[in-house]
Amino acid sequence: MDLYHNEGKEMNIREIVSEWLKEHGYDGLYSQDECACALSDLMPCGEVFPEDCEPGYKVDCPRGHEYNFMITENKEEECP
């Protein structure tokens, strides 16, 4: 993985994307094919940066839902 130097610190692409998401108020990445990852587990699929990923907001899902959370385009969106 290529490294980027920021204030003397070497950063890989995952760290660069994570920092950018945090700086802009996002909680993770999502894609239209129902794939999502939170900042705490960014890019678990091993892809450096899938083209279809977009920044999004974490929405907690109710207990018993198929997922614990979703990353969505809108902060006010609810789990389906």
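The values are calculated or read from the model by the stated rules, or taken from the named source; none is laboratory data. Note that the structure is a prediction, hence the values are computed from the model and not measured. We place every Cβ from the backbone using ideal geometry, glycine too, and count neighbours over all the protein chains shown.
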Listed by first then second residue, the pairs whose first member lies in region 58-80 and is over 13 Å from ALA36 (Cβ atoms), whose partner is of a type in the set (A, V, I, L, M), with beta carbons under 7 Å and at least 6 positions apart or on separate chains, are GLU78/VAL59
Going through region 35-54 in order, the residues found to be closer than 16 Å to TRP20 by Cβ and at pLDDT below 90 are LEU42, MET43, VAL48, PHE49, PRO50, CYS53
Those residues of region 5-27 which are at pLDDT 95 or above and on the phi > 0 side of the Ramachandran plot amount to GLY25
When region 55-70 is checked residue by residue, the ones that are farther than 24 Å from GLU19 by Cβ and surrounded by 14 or more Cβ atoms within 10 Å (Cβ to Cβ) are CYS61
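So which residues in region 7-48 are of a type in the set (Asp, Glu), assigned to a helix (DSSP H, G or I) and surrounded by 10 or more Cβ atoms within 10 Å (Cβ to Cβ)? I'd like the intermediate steps shown before the answer.
Residues of region 7-48 of a type in the set (Asp, Glu): 7, 10, 15, 19, 23, 27, 33-34, 41, 47.
Still in the running and assigned to a helix (DSSP H, G or I): 15, 19, 23, 41.
GLU15, GLU19 - these are the residues of region 7-48 that are of a type in the set (Asp, Glu), assigned to a helix (DSSP H, G or I) and surrounded by 10 or more Cβ atoms within 10 Å (Cβ to Cβ).
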